[in-house]
Amino acid sequence: MPICIECRFPVQTLYTTYSKADDKALGKGVRLTQCPRCKRFADKYVEHDLVVLFIDLVLIKPQVYRHLLFNLLGREDGRFAPSVIRLGVLLLLFDVYLTWARIEKATPSSDTSLPPFLSGFNSTANDTSSLWNVRDPYANAHASAFLASQPIILQYFFFLALCTIETASFHLLIRTLLSVQFPRPISSLIPHYPHPALISTALLVSSFTKLFPLLLLVWKYDLPSSASAVSWAVIINNIAALEILLDCGYVRAGILAAIGAIFRAGVGWSILRAVGVGGGVAAAGVVETEDLIEVWRRVTESVGLGGHW
């Protein structure tokens, strides 16, 4: 059932069509529903185009998130909307690029070029023979033996599997925590929300900032710094989306996002270490592990659970 994006009050319909001859896309022949509680339009974004939605997403406006999650993408059957699935695939592909390039940059003995399959982002990246040109065989012997010696297509599928596992672990942990009715005092920190598909939809929609590396096609940025900035933007938007969806406050949403991000970073780090890529290379899915620990420390201190790190 749709809701008012201003006060979350349920409404029967978002608009009324009174003339089929007019064009709804231009706002003609449509009368927006007025919320019976707050007396404002129940959903003004019915008349707005995608550009306005994107700008308001960047500005993290609660109304646009409520429009997307409850009135546009939410489904009563508990399934994902087709557009959410497409968005998830697109975000995963961009995550592969960011992870591959970030790990390559962080590897001391690696080449400084971008991943070969996206060498067009950097005009100096002409070597497509391997992911790493290992200059010191002793510094990164395991990674060279297991990954660098493999064909490019196998390297790509490795990072695709890595990002898929990381993303799945992040979503599944948060969905599992929210599906359990914890006793007090844990329930005061982790709310209960029995709609897992909508939780993943909120996390995917709020991760749209992973698409910002498209700007690398126009301007050249320092890749590690850009990846870190994108990672922080994703975390901030994840916290905002969880707070808007659950209506639980930013502290509780921050705790959920921090737990999921730390778990995701741990899963990614474990996989990388298992194949020999370690030595200071953090899990590259969300943010570096040290940054996640700092996020968790600040969140726990804000709720009086701080300790020594």
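Working from label points 7 Å from Cα in the Cα-to-Cβ sense, the Leu93 to Ala229 distance is 2.4 nm.
At R0 = 41 Å, how high is the FRET efficiency between Asp49 and Ser187 if r is their beta carbon distance? Nearest 0.05 is fine.
0.50
Close amide H pairs (under 5 Å, H built 1.01 Å from N) link Tyr15 with Thr33, residues at least 5 positions away or on another chain.
Multiply the residue gap between Cys7 and Ile271 by 0.36 nm, knock off their C-alpha separation, and tell me the result in nm, one decimal place. It would help to have the intermediate numbers written out before the result.
On the way: separation 264, 0.36 × 264 = 95.04 nm, distance 4.41 nm.
Net length gain for the segment: 90.6 nm.
What FRET efficiency do you get for Phe157 and Cys38 if R0 is 41 Å and r is their Cβ-Cβ distance, rounded to the nearest 0.05? Efficiency at R0 = 41 Å is approximately 0.20.
We did not get these values from a lab; they are worked out from the coordinates using the rules stated. Predicted model, so just to flag it, every value in this text is computed and none were measured. Don't worry about glycine lacking a Cβ; one is built from the backbone with ideal geometry, like all the others, and counts go over all protein chains shown.
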